[in-house]
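First up is the structure itself, then whatever we jot down about it.
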Amino acid sequence: MNNSVGNSARLLWAGLRALLVLTLVCGVIYPLAVTGVAQGLMPGHANGSEVTANGKVVGSGLIGQRYDLPLKRGQETAAPDLRWFQPRPSHGLGANSVNTRYSLILSGATNRSADNKELIDRVTTAKAAVVKDNSVPGHPVSPSQVPADAVTSSGSGLDPDISPAYAQLQVNRVAARNHLDAAQVEKLVAHHTDGRILGFAGEPRVNVLQLNIALRHLVNDAGTR
């Protein structure tokens with residue numbers, strides 16, 4: 001009996017020591033080491049790719065955000081603030097919810113097929129809105145000019161980038177709303193257009209947050225002249 005109790009005690013003590021060692025290694029030393037390496041080699045990525053403007057964090061380069069007018073009484077969805085470049089639609093949140101404000105509670109694809117009536121109606125409505133919003137005197141927009149990313153959400157519903165074609169489509173509207181020369185805004189888009197990764201991976205893209213920060217500076221500079 002005493003021998004059995006002794007063996008059990010030794011096994012319990014061995015298990016406890018293993019738990020303490022693994023807790024120290026996996027729960028303390030390893031996280032601190034990984035955090036230290038990440039902060040030393042790539043602090044921007046380690047901290048969530050934060051984007052700052054005027055000394056304040058205004059978002060992340062990895063997460064899209066909307067540019068809407070304040071919600072009015074009776075409205076379920078706020079209207080877009082057309083002074084700014086608009087991101088992709090943000091409907092990708094699975095089958096039971098819709099991400100209308102780039103909320104980080106959920107993310108995911110709509111999982112609707114190309115012949116789904118709800119998806120077709122949503123895309124049709126979105127295309128009509130893009131045409132209407134971006135048509136300015138002397139520069140009408142036709143439905144054939146609307147790129148796919150202007151009317152569809154990304155797989156996550158949180159894409160921070162748009163295509164150069166969608167950014168270019170918005171140039172005349174943004175210029176008119178901010179009383180800027182369209183050529184100035186075109187240069188802004190060109191400057192914030194990133195090419196394919198390593199020259200071949202992915203597609204050219206424009207980060208909407210970075211573009212709108214630059215646009216704000218341009219508007220402020222124009223207002224001080």
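Here are the numbers for the structure shown:
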{"item": "Unmet criterion (only one of (1) within 19 Å of the chain's Cα centre (by Cα); (2) among the aromatic types (Phe, Trp, Tyr); (3) in a helix (DSSP H, G or I)) for Tyr30", "result": "(1)"}
{"item": "Condition broken by Leu82, with the remaining ones in (1) over 17 Å from the mean Cα position of the chain (by Cα); (2) loosely packed, with under 13 Cβ neighbours inside 10 Å satisfied", "result": "(2)"}
{"item": "Qualifying helices (runs of 4 or more DSSP H) (wholly inside segment 148-212; at least 2 residues being of a type in the set (Val, Ile, Thr))", "result": "171-177, 182-191"}
{"item": "For Asn111: the one exception among (1) more than 18 Å from Gln86 (Cα to Cα); (2) not in a loop (DSSP other than H, G, I, E, B)", "result": "(2)"}
{"item": "Criterion (among the β-branched types (Val, Ile, Thr) and modelled with pLDDT under 95) met by exactly one of Ile162, Ile120", "result": "Ile120"}
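The values are calculated or read from the model by the stated rules, or taken from the named source; none is laboratory data. None of these values were measured; they are calculated from a predicted model. With ideal geometry, Cβ positions are generated from the backbone for all residues, glycine too; neighbour counts draw on all protein chains shown.
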